[in-house]
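Readers should treat all values here as calculations from the given coordinates under stated rules, not as data from a laboratory. This one's a predicted model, so the numbers in the text were calculated from it and none came from an experiment. Cβ atoms come from the backbone with ideal geometry, glycine included; neighbour counts cover every protein chain shown.
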Amino acid sequence: MSDGDAGRAVEFVGPERVEVVPTEAPVPGPDEVVVDATVSAVSAGSELLAYRGELDPETVADEELPALDGDLSYPLRYGYAVVGSVTAVGDAIDPAWRGRTVFAFNPHETRFAAAPDALRPVPDGIDPETATLFANAETAVTLTLDAAPRIGERVAVFGEGVVGLLTTALLARSGAETVVAVEPKDRRRSLASEFGADAVVDPSRYGG
């Protein structure tokens, strides 16, 4: 894309209604850059709730993230795991930013402007698809730090989705004596073992 190109965005317009809408060409302010998205990950959790109309429309999407500072009412542009390349920089930005691959907590759109401190440079050797997991990894790190497992303790992770698997991997490296993964799906239990779980449990075998 050239610097003057417009783009497109995914917009939730009502329960079970999603549209791809045109957006104006982003123009970076003096302290901003423009990012062309390469890949944007879809959350099977919060975005599914948005699709179904199960989010509180008066709730602020995320007070900590400039790109998600509105509420959750329709029409809603949502998403928070975009990886792309910096294609334009503002007058006050180091030109070295141009061409960098970055992660952004940003809704699904092909092009957007952002301040550099809202972006995370992607290290060399990490492909864009893998880099979209940064948001999930951040959550897993927070959970692990909050749990504060001690050396020799036994810990259990209930649910081995993306965040659960990443949390399992971190706990397996934390010094815990035993990490137990509790998950009803065979494939996820297998992955939990690969990610470092010492034992896996199928809760459906125990009723309830």
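The figures follow:
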item	result
Debye intensity ratio in log₁₀ form over the Cα atoms of segment 142-208, taken at each q of 0.12, 0.29 Å⁻¹	-0.26, -1.26
For segment 74-121 and segment 26-66, distance of Cα centres in Å	12 Å
Interchain or long-range residues, amide H under 5 Å from ALA156's placed H	VAL180
Environment charge at ARG52 (Cβ cut-off 14 Å; Lys +1, Arg +1, Asp -1, Glu -1)	-3
Label-point separation, ASP202 to ARG150 (7 Å along Cα→Cβ), nm	3.6 nm
Compactness of segment 7-124 - radius of gyration and Dmax, Cα, Å	14.5, 43
CD proxy at 222 nm, helix term only [per DSSP H run n ≥ 4: -39500 (n - 2.57); per residue of the chain; nearest 500]	-6000 deg cm²/dmol
Cα-based equivalent ellipsoid, the chain: semi-axes from gyration tensor eigenvalues, Å	36, 22, 14
Calculated diffusion of segment 68-140, Stokes-Einstein form, Kirkwood radius summed over Cα pairs, 25 °C and 0.890 mPa s, µm²/s	184 µm²/s
Label-point separation in nm, LEU143 to SER190, each point 7 Å along Cα→Cβ	2.2 nm
Segment ARG52-VAL20, length gained on full extension (0.36 nm per residue, minus Cα span)	9.8 nm
